[in-house]
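The values are calculated or read from the model by the stated rules, or taken from the named source; none is laboratory data. No experiment lies behind these values; they were computed from the predicted model shown. Ideal geometry is used to build each Cβ from the backbone, glycine not excepted, and the neighbour counts take in all protein chains shown. Protein only, heavy atoms only, side chains kept; ligands, DNA and RNA dropped before computing areas. Shrake-Rupley method; radii C 1.70, N 1.55, O 1.52, S 1.80 Å.
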Amino acid sequence: MTTESDKAKKSAPRREYFELEAESQAINSSIVEMLQALQRQAISQKLPEDNTLHYTHGKKWSNRTNPHAIDGGFQEHSVEWRTPFKDLVEGDLTLIPRFIQHTSEEFQRQVSTMIYSSIDKVTAMTGNIVSVKEAGSFPAAFLEMLGKIEFGVDKQGNASMPEIHTGTDPKKMIAELEAQPPEYQAKVERIKSEKMAAALAAEAARKSKFKVGKQ
Amino acid sequence: VKRVLIAIGCNNYDRDGLDDLAGAEFDAKRVYDQLIQLNVGNYDPIGSRLFLSPTLDELRGALNGVLFEQGKLDTLTVYFAGHGLVNSVGFYMCLRDTRLGQFSTSAFGLGVLLSQIAEAQPAQTNIIIDACCSGGLTADLGIVPKSVSSGDAGSPAVTLLAMAARDQSAIEEDAGGVGTNALLDCITGRAFVQEATSALNLTEIGHVVADRLPKHGGQSPTVTSLNVHQRSIFCRNPHYQASGSNAFSKWDPRTFLDVIDPILVSHADSPADLIANVERLTDGLLTRAKGLLDRFREPEVLAVCIGALLPFCGAYPLVQKHVMHLLQKISDIVRNRLDELTEDTKANKYVLLCRFGGMGDLYAIPLRITKIIGWIGACYHIDKVLGREDSFPIKQYTELMDHLIADYPLSISIMSDTQGPYIALALSAAHELGLQSQAEDILSLLFRSVLRTKGVIADSHIEPKLLLNYLICRSLEDFSNDLSLVARPSETITVLLRCASVLGMNDVFDDALQDLDHIALNAYITDDYGGYSKRYVEGGENASFVIGHGIWRVSDLDAAWPEEAAQRPANLSIQGGAIISSLIFPDRVPWFVLAPSVRKSEA
């Protein structure tokens with residue numbers, strides 16, 4: 001049987017004894033700040049800060065003057081961490097570094113997944129996909145890849161080489177490429193020169209569209 | 001320290017040229033009646049004067065008496081309602097015998113008043129003039145004596161509120177002068193000025209009066225301040241109680257005491273006023289505290305009241321009596337909290353986790369535990385002061401300690417140097433109550449935690465934003481780059497060693513003391529517990545020790561321990577007040593509680 005006073009007891013808010021609100025909240029806020037810094041660091045390892053944009057409102061964006069750019073939307077990243085009451089009561093201070101490390105690693109993993117899945121989407125749309133199997137070998141696929149991509153130009157007007165992100169040991173891949181005959185190397189160099197020249201020409205054309213074009 | 005008000009209202013003009021007025025005396029009387037009240041302006045009713053249509057000689061004579069025969073004035077407020085006139089020299093207040101054709105000699109010149117203020121040097125002067133052309137008083141500012149206008153430190157502060165511009169009339173309505181009405185609205189709270197501080201100054205009131213008057217048309221008040229280098233008190237802030245939530249949103253006893261202290265200084269010679277002001281300032285907060293989830297906020301607010309009154313206990317039996325009354329109130333509340341805690345710990349093993357604690361609880365739980373047992377231990381010591389220690393609820397205290405030892409053994413640890421007074425109060429009370437086993441268990445757990453961290457505990461004054469750094473350094477056992485976070489010397493480790501001596505645990509401690517080699521210890525021992533609630537307690541001595549350099553055993557500390565540390569204040573209200581002060585300002589330890597005493601079980 002439940003009496004009225006039992007019900008009142010159950011519904012009454014829990015009593016607290018010395019909340020120490022300022023201290024607890026300061027620690028929790030410092031942890032959030034540290035995680036934010038780690039998240040920024042995780043993103044900057046994949047994307048240069050220069051190419052990272054920050055939005056305040058809304059949930060999606062579009063590039064209205066670039067027909068090739070795909071419209072994007074914010075993706076939520078979340079990490080779950082359970083701290084049993086028992087661990088807090090036992091005063092296990094390693095909880096804090098463990099929580100920070102776990103959260104940071106999980107954010108890095110999620111950021112990587114997001115970046116590569118976005119690249120995957122774009123290449124699927126543009127057909128910029130190269131298959132080692134179809135090309136016959138990794139060096140042949142590499143050459144085909146170089147032929148398909150466009151080089152960029154940095155803010156100083158210098159042609160920039162593409163970044164290569166690998167899922168396997170890059171040393172092994174580099175060794176395989178370096179072991180190719182001189183004709184192969186010459187071909188790579190020729191494509192690089194052509195791509196760089198094309199990138200600089202495209203940059204010049206882009207700049208010439210300003211009212212007072214600066215070369 | 002005195003606050004004096006001179007209110008002048010002149011309705012009657014005997015000489016030719018000036019018409020009688022209807023409401024000037026009424027206005028002066030209303031202002032006087034409001035400000036003279038203890039809980040409003042708190043001006044001295046004996047030294048203050050209300051003049052209704054005085055002559056020039058009457059006013060001059062009385063002013064001399066007020067300014068030069070009452071000793072140093074803290075605050076002088078002069079209010080004038082009547083005809084005002086201005087010429088190229090300055091502004092004049094017209095009195096009963098003022099002649100229009102000779103007003104520069106028959107009216108009371110503001111320049112004369114300013115000269116007298118420069119001579120008498122009250123710390124703060126407020127001048128309010130509700131008269132036509134009163135804005136002409138700015139002309140007088142050009143001729144004020146150098147001691148007023150220099151702006152040097154210590155030069156008297158002057159704030160002037162003129163209700164009409166130099167070329168304007170001061171308007172009167174049936175309900176009084178519109179300027180005075182607006183002023184009274186601010187004083188009584190009908191007009192909102194601000195809610196951040198407990199007192200209002202004339203400058204902020206003047207700005208609100210200026211904002212309100214244009215609605216009546218044709219009158220533009222001006223506020224002028226000279227040398228206002230510190231916050232002055234014109235009257236209490238009727239809206240301050242409404243800001244109780246601000247006081248609690250970031251509850252800090254020191255900040256709260258900082259609000260009360262300056263107000264009490266003005267009442268230092270009146271014990272009844274001291275008590276009345278403390279009650280007035282805290283009534284609203286106590287009501288709110290009763291409704292909070294944090295069950296210890298209410299006794300904390302009461303403890304701040306004691307902290308505010310402690311410096312006056314030595315001088316006034318009335319204050320002593322009130323402090324004893326507050327001590328009993330705190331003891332009653334803490335006994336009730338002990339009942340609640342005993343009930344809650346039985347029902348929920350994790351009751352000491354806070355609703356917004358999170359990782360912060362790793363730091364907070366150890367502090368929470370020592371605070372709880374410390375406040376309850378203090379309750380026992382207060383009961384001794386009150387002579388009612390026989391009714392202390394030993395059974396509940398024992399049960400609570402047993403629960404804590406069983407459920408929170410690893411959280412019974414030292415995190416911060418602020419835990420010292422709580423441990424001293426808790427373990428000395430447990431010892432005297434015969435709870436030796438519980439006291440020994442708790443002291444062992446605390447000492448073990450100190451050994452685990454090699455005596456590295458957080459400084460008493462560490463900024464909250466640095467607490468995470470402290471916890472990370474502590475978990476990594478590396479403080480090489482953050483030594484500023486660490487208490488050096490530590491007062492809490494001294495408390496542990498003293499407790500070991502009182503509880504007879506020397507052997508246990510002596511075996512491990514080598515692990516704390518080079519740790520610096522301190523014990524601040526005051527020579528005046530009356531000043532024990534101040535931010536910085538003056539006088540006394542910091543008795544310093546270093547483990548491994550003169551201290552190799554607990555008995556070495558006993559041998560070097562200053563005798564005066566054991567001396568309890570003879571005045572019981574000061575003794576209780578010192579104990580309470582250490583609970584809200586835990587960077588001080590009332591060492592006298594750790595003096596050898598007879599255990600209850602042995603008595």
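Which of A:K172/A:K207; B:K290/B:K465; B:K250/B:K454 have a Cα-Cα distance over 31 Å?
The pairs that break the limit, which is 31 Å between Cα atoms, are A:K172/A:K207; B:K250/B:K454.
Taking DSSP loops as anything outside H, G, I, E and B, show the longest stretch in chain A free of chymotrypsin sites (Phe, Trp or Tyr not before Pro) there with at most 11 other beta carbons within 10 Å.
Free of exposed loop sites, the longest segment is A:75-209.
Which residue, A:E178, A:E76, A:E189, has the most motion in a Gaussian network model of chain A that connects Cα atoms within less than 10 Å?
Residue with maximal mean-square fluctuation among A:E178, A:E76, A:E189: A:E76.
Considering every residue in B:291-300, what mean count of other chain Cβ atoms within 10 Å of its Cβ is obtained?
Mean shielding count: 3.
Given the -39500 (n - 2.57) contribution per DSSP H run of 4+ residues, what per-residue ellipticity at 222 nm results for chain B, rounded to the nearest 500 deg cm²/dmol?
-14500 deg cm²/dmol
Can you give the mean number of other chain Cβ atoms that lie within 10 Å of the Cβ atoms in peptide B:337-346?
1
Using Cα atoms only, what is the angle between the long axis of helix B:420-432 and the major principal axis of chain B, expressed in degrees (0 to 90) to the nearest 10?
Roughly 60 degrees, rounded to the nearest 10.
How much net charge surrounds A:A141 when only the other residues with a Cβ under 15 Å from the Cβ of A:A141 are counted, with Lys and Arg +1 and Asp and Glu -1?
+1
Largest first and in whole Å, what are the equivalent-ellipsoid semi-axes of the protein assembly as shown based on the Cα gyration tensor, each being the root of 5 times an eigenvalue?
Gyration-tensor ellipsoid for the protein assembly as shown: 64, 49, 24 Å.
Residue-wise, which Karplus ³J(HN,Hα) couplings in Hz belong to region B:475-482, taking 6.51 cos²θ - 1.76 cosθ + 1.60, θ = phi - 60°, and x for glycine or proline?
My calculation for region B:475-482 gives 6, 8, 6, 9, 10, 4, 9, 9 Hz in order.
Top mean-square fluctuation among A:L143, A:L53, A:L38, Gaussian network model of chain A, C-alpha springs under 10 Å?
The residue that fluctuates most here is A:L53.
With all protein chains present and a 1.4 Å probe, how do B:M401, B:M324, A:M125, A:M161 order by accessible area, largest first?
So, going from the largest accessible area down, we get A:M125, A:M161, B:M324, B:M401.
With every protein chain left in place and a probe of 1.4 Å, what is the accessible surface of B:R288, to the nearest 10 Å²?
The accessible area comes out at roughly 100 Å².
Collect residues whose amide H, placed 1.01 Å from N in the peptide plane, falls under 5 Å from the amide H of A:G152; neighbours closer than 5 in sequence don't count.
For A:G152, whose amide H was placed from the backbone, the distant partners under 5 Å are A:S160.
Heavy atoms only, probe 1.4 Å: what % of the accessible area of region B:1-92 goes to carbon and sulfur, would you let me know?
Reported share for carbon and sulfur atoms: 49 percent.
Using protein chains only and a probe of 1.4 angstrom, how many square angstrom of A:I174 are accessible, to the nearest 10?
Roughly 90 Å² of A:I174 is accessible to a 1.4 Å probe.
Could you sort B:H431, B:H549 by their accessible area in this structure, using a 1.4 Å probe and putting the largest first?
The ranking, largest first, comes out as B:H549, B:H431.
Between A:L200, A:L20, A:L95, which gets the highest mean-square fluctuation from a Gaussian network model of chain A, Cα cutoff 10 Å?
A:L20
How about A:K121: which aspartates and glutamates have a C-alpha closer than 20 Å to its C-alpha, ignoring those fewer than 8 places off in the same chain?
Correct list for A:K121: A:D71, A:E76, A:E144, A:E150, A:E163.
Lys/Arg Cβ at +1, Asp/Glu Cβ at -1, dipole of region A:1-132 taken about the Cα centre: which of A:F99, A:W81, A:N66 is farthest positive-ward?
Highest projection toward the positive end goes to A:N66.
Per residue of B:476-486, how many C-beta atoms from partner chains lie within 10 Å of its own C-beta, taken as a mean?
Mean shielding by partner chains, rounded to a whole number: 0.
Cα gyration tensor of chain B, axes a ≥ b ≥ c as square roots of the eigenvalues: rounded (a/c below 1.5), prolate (a/b > b/c) or oblate?
prolate
For chain A, what is the mean residue ellipticity at 222 nm derived from helices alone (per DSSP H run of n ≥ 4: -39500 (n - 2.57); sum divided by total residues; nearest 500 deg cm²/dmol)?
Rounded to the nearest 500, the figure is -18500 deg cm²/dmol.
Defining a contact as two alpha carbons under 8 Å apart and six or more residues distant in sequence, what relative contact order in percent does chain B show?
After rounding, I find 10 percent.
Summing both sides, how much accessible area is buried between A and B? Use a 1.4 Å probe and give Å² to the nearest 100.
3800
Calculate one ³J(HN,Hα) per residue across region B:304-317 by plugging θ = phi - 60° into the Karplus curve 6.51 cos²θ - 1.76 cosθ + 1.60, and present them in order as whole Hz with x for glycine and proline.
These are the phi-based 3J(HN,Hα) values: 5, 4, 5, x, 5, 8, 3, x, 9, 4, x, 9, 10, x Hz.
Helix B:253-265 versus the longest principal axis of chain B: what angle, 0 to 90°, nearest 10, using Cα atoms?
Roughly 40 degrees, rounded to the nearest 10.
Sorting check: for B:562-570, B:497-505, which peptide has the highest mean count of neighbouring beta carbons within 10 Å, and how do the rest follow?
Highest-to-lowest ranking by the protection proxy: B:497-505, B:562-570.
Please determine, in degrees from 0 to 90 and to the nearest 10, the orientation of helix B:110-120 with respect to the longest principal axis defined by the Cα atoms of chain B, where the helix direction is its Cα long axis.
Helix B:110-120 sits roughly 40 degrees off the main axis of chain B.
Could you sort A:K46, A:K195, A:K60 by accessible area so the largest value comes first, with the probe set to 1.4 Å?
A:K60, A:K46, A:K195
Any idea of the accessible area per residue across chain B, 1.4 Å probe, to the nearest Å²?
38
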